[in-house]
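Take a look at the structure set out below.
Read-outs: derived from the displayed coordinates by stated rules, not from any lab. Values in this document were obtained by computation on a predicted structure and should not be read as measured data. Don't worry about glycine lacking a Cβ; one is built from the backbone with ideal geometry, like all the others, and counts go over all protein chains shown.
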């Protein structure tokens with residue numbers, strides 16, 4: 001079942017490569033929408049199936065002599081992210097119905113990216129995880145370089161590739177240490193969790209955690225490894241930015257809860273305070289730098305640093321045993337996972353909205369726009385909703401997540417939590433300022449080459465994609481139980497593993 | 001006695017086809033010389049079958065103890081013969097109907113024969129003979145084109161080979177002098193009791209010759225000039241085939257003949273590995289011609305391969321890692337060169353601009369091969385690197401693994417400098433991207449496919465490579 005979900009997009013991508021590029025572009029975009037819809041339906045079926053622990057496990061020996069197997073399965077931590085991936089790719093496929101540039105390769109790349117993203121979240125083998133991790137970098141590189149904005153996009157793509165590839169290799173080094181520490185040697189995540197090979201900490205555990213932590217921190221990204229992110233986001237096409245922010249960044253934070261915490265519990269407890277500090281710094285630094293941006297897409301990119309900082313704070317707090325009870329740590333963990341989903345939905349929508357802005361005005365500079373609300377009320381309305389959702393207003397998914405993180409982290413890291421709450425204030429300020437600059441005041445449009453063009457409101461396909469994401473974020477904000485019921489048992493299990 | 005020629009069937013096939021091919025080529029008309037190539041391909045296929053059959057039999061030493069027929073030899077034979085087949089295919093477009101087509105084919109076969117002997121040699125004298133047999137045909141091959149650059153390349157290749165070959169001869173003489181034997185097994189006992197300084201000098205001199213063969217620092221000076229100065233087909237062959245046997249020879253020599261507790265060769269090889277990969281990568285950074293870029297890339301790849309030689313005998317995974325990485329490297333590198341051979345007029349990376357537009361499938365094959373050389377999963381070199389790094393950490397050379405990782409990241413930069421223009425832009429230069437024919441392209445597709453399949457099916461191949469070389 002999971003293999004079907006993972007490889008369906010890849011198979012369709014391969015089939016599409018055989019279709020001549022001169023075929024009508026509807027063939028490609030239509031196929032993409034159809035595949036994404038089918039994939040989402042399959043994920044919903046998995047979601048509704050009963051069971052606990054790792055479900056839908058499949059395990060086939062792959063390279064038994066080096067302890068590598070094709071092992072996939074989902075639990076309450078990975079399932080929400082698998083669902084998020086399916087939703088986001090469906091939204092992007094709908095949004096991309098209006099794409100005209102080299103549609104064949106564009107769709108094939110996205111389908112391949114979809115396959116590796118889904119694969120990463122179901123992987124239960126470190127090398128399988130690494131394989132999908134690396135391939136996501138390769139495909140995203142081609143997306144940014146091929147469909148981004150000109151020469152700067154290629155520089156940004158190169159920077160993205162080099163940074164995240166370095167991170168991935170650090171990760172690989174950590175995996176190798178884990179592999180050699182386990183007896184018998186294995187890369188299997190479930191076996192490694194059970195074996196706890198580096199129990200008791202020590203230099204090897206510290207080295208493994210350092211390597212894995214740096215690798216994941218680059219991808220997340222946290223301060224100070226975030227510098228690849230703003231150019232990559234700014235230069236990528238809108239759908240690419242949305243996937244990058246919503247899915248690829250989660251690969252980093254997901255790695256913490258799937259690999260670093262359960263396999264290295266002792267080391268994690270020992271160094272959890274580092275994660276807390278890095279998280280808080282990311283929260284505050286990301287928010288403050290975002291505040292200083294004049295480029296709306298860059299601003300949103302920096303709010304990603306801020307939002308992922310909350311996740312790191314949450315997982316760090318879950319590792320600090322002193323001064324907190326198990327329930328608080330569980331709450332922080334649940335909040336961290338929820339925040340991954342919430343940030344994916346909301347920031348995905350925001351990046352698609354900036355794509356709309358660029359499509360009409362050819363610039364992201366906030367100063368070039370003014371008073372858009374009068375001309376494009378729907379766009380303004382949706383943007384406002386997305387902005388409010390992003391700054392953590394109650395009623396949206398982000399609030400649920402951040403509330404849980406703060407409540408869970410308060411007992412064990414009171415100062416850090418208090419500082420992080422201030423981050424919300426800054427994000428509120430920056431989003432309100434952006435809304436005011438772009439949408440209110442006298443109407444002014446950028447006079448880019450080729451204008452005057454009609455500055456059209458949202459097209460139906462764009463509306464469907466973006467509103468769909470925001471609607472889901474609202475549903476989670478109002479009725480979070482269906483999501484939390486899935487996450488909570490898994491985070492309870494995770495917290496027990498960390499505390500062992 | 002164990003002088004059973006049947007144990008050397010793959011080698012004899014190569015030799016026989018070379019001799020018959022040479023005679024055949026002497027009276028065949030120019031447009032019929034493809035028969036020689038066909039004969040060579042048939043001999044390689046027959047050799048593969050013989051290798052497979054031999055692999056089912058127990059390991060043995062033949063002709064005294066001078067030649068080992070064991071897993072490293074079987075692997076060397078298989079990889080070299082496959083590489084010969086690919087080399088024969090990718091060179092069709094540029095050499096078919098050439099006045100010296102027969103010579104080209106025969107030289108490839110003889111060089112391959114020497115390479116296989118290098119891998120199986122279990123005696124210093126045979127090692128030296130194999131070194132010469134693996135070198136002389138390739139010197140001639142480098143000058144085969146008779147262009148001024150090609151002649152210069154052949155000259156440089158020959159001179160550095162002659163110099164380091166003499167060094168190797170000296171080394172063999174010294175090791176014989178202090179170890180009192182040339183057979184690897186007895187030499188181990190002899191060296192354990194020998195004066196360390198003399199044994200060290202001898203070993204370093206022997207390694208110098210082998211480093212020349214594989215193109216590792218400090219025997220790498222010929223690599224860029226020869227690779228850049230010869231036609232792509234020749235460049236593909238000289239950067240790939242000698243490495244296969246050379247690395248196995250180094251591995252076998254160090255594991256079987258040189259006790260690590262008497263001489264600290266692991267550290268020596270580790271330093272050579274570190275310098276090779278770093279220097280190769282740094283020099284590749286700003287190369288603009290593709291052949292020079294691949295030349296430096298091949299030096300850095302030797303560095304990664306030497307890592308496993310450094311932990312040979314100390315990590316369980318060392319031997320499978322070495323043989324698997326060599327196999328993966330061979331197909332991947334040949335695949336990249338096959339693309340170069342397909343566009344002989346495209347000298348620089350910029351000439352490849354828009355290639356994806358003109359020939360998307362070939363662009364994908366090139367991307368697969370270059371990402372393969374970087375070590376991106378799921379290609380063969382990735383699995384190779386994974387086991388190499390694991391073996392390095394296991395063998396106590398974690399710093400080398402970290403250095404290799406840093407180098408890998410650095411290498412991304414120059415491989416992407418080639419990939420990026422290939423996929424960029426709508427216009428292409430029809431003169432530069434004039435295809436040479438279909439054979440090179442087919443070779444490129446095949447290599448790219450094999451690189452991926454070998455990466456995915458690593459689980460089937462790795463267990464076959466585990467049995468260590470037989471000691472006596």
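Annotations for the structure displayed:
- Computed label-point distance, nm, for sites residue A:214 and residue B:201 using a 7 Å Cα→Cβ extension: 4.2 nm
- Look at the alpha carbon pairs under 8 Å that are at least 6 residues apart: their mean separation over the length of chain A gives a relative contact order of 16 percent.
- Tensor-based shape of segment A:57-136 (alpha-carbon gyration tensor, a/c under 1.5 rounded, otherwise prolate or oblate): oblate
- Per residue convex hull volume, Cα atoms of segment B:26-181, in Å³: 117 Å³
- With distances taken between every two different alpha-carbon atoms, segment A:43-86 has a Kirkwood hydrodynamic radius of 11.6 Å.
- Summary value for segment B:1-150: 27 percent relative contact order, contacts being C-alpha pairs under 8 angstrom separated by 6+ residues.
- Within the protein assembly as shown, the percentage of alpha carbon pairs spaced more than 46 angstrom apart rounds to 32%.
- Chain B: angle of helix B:71-90 to the longest principal axis, Cα-based, in degrees nearest 10: 20 degrees
- Normalised by residue number, the volume inside the convex hull of the Cα atoms of chain B is 119 Å³ per residue.
- For chain B, the longest principal axis of the Cα atoms and the long axis of helix B:318-342 meet at an angle of about 20 degrees.
- 0 to 90° range, to nearest 10: angle between helix B:439-456 axis and chain B longest Cα axis: 50 degrees
- The Cα center of segment A:113-192 and the Cα center of segment B:108-166 differ in position by 41 Å.
- The protein assembly as shown - mean residue ellipticity at 222 nm from DSSP helices (-39,500 (n - 2.57) per run, n ≥ 4, rounded to 500): -24500 deg cm²/dmol
- Shape class for segment A:148-263: prolate, because the ratio a/c of the largest to smallest gyration tensor axis (alpha-carbon atoms, square roots of eigenvalues) is 1.5 or more and a/b beats b/c.
- Protection proxy ranking, peptides B:199-209, B:67-77, average beta carbon neighbours within 10 Å, highest first: B:67-77, B:199-209
- Compactness of chain A is given as radius of gyration and Dmax, 21.5, 70 Å, from Cα positions.
- Across peptide A:160-172, the mean count of Cβ atoms from other chains lying within 10 Å of each residue's own Cβ comes to 5.
- Per-residue average of Cβ from other chains inside 10 Å of B:395-407: 2
- Annotation: peptides A:212-221, B:122-131, B:320-329, A:12-21, ranked by per-residue average of other Cβ atoms within 10 Å with the highest first, follow the order B:320-329, A:212-221, B:122-131, A:12-21.
- Taking max minus min of the alpha-carbon positions on each principal axis, segment A:271-341 gives extents of 43, 23, 14 Å, largest first.
- Cα centroid separation - segment A:83-99 against segment A:240-300, whole Å: 24 Å
- Per residue, the convex hull spanned by the Cα atoms of segment A:365-448 measures out at 93 cubic angstrom.
- Overall form of segment A:1-105 per C-alpha gyration tensor (a/c, 1.5; a/b vs b/c): oblate
- Comparing Cα centroids, segment B:252-319 and segment A:403-475 end up 52 angstrom apart.
- Chain B, relative contact order in percent, only Cα pairs under 8 angstrom and at least six apart counted: 16 percent
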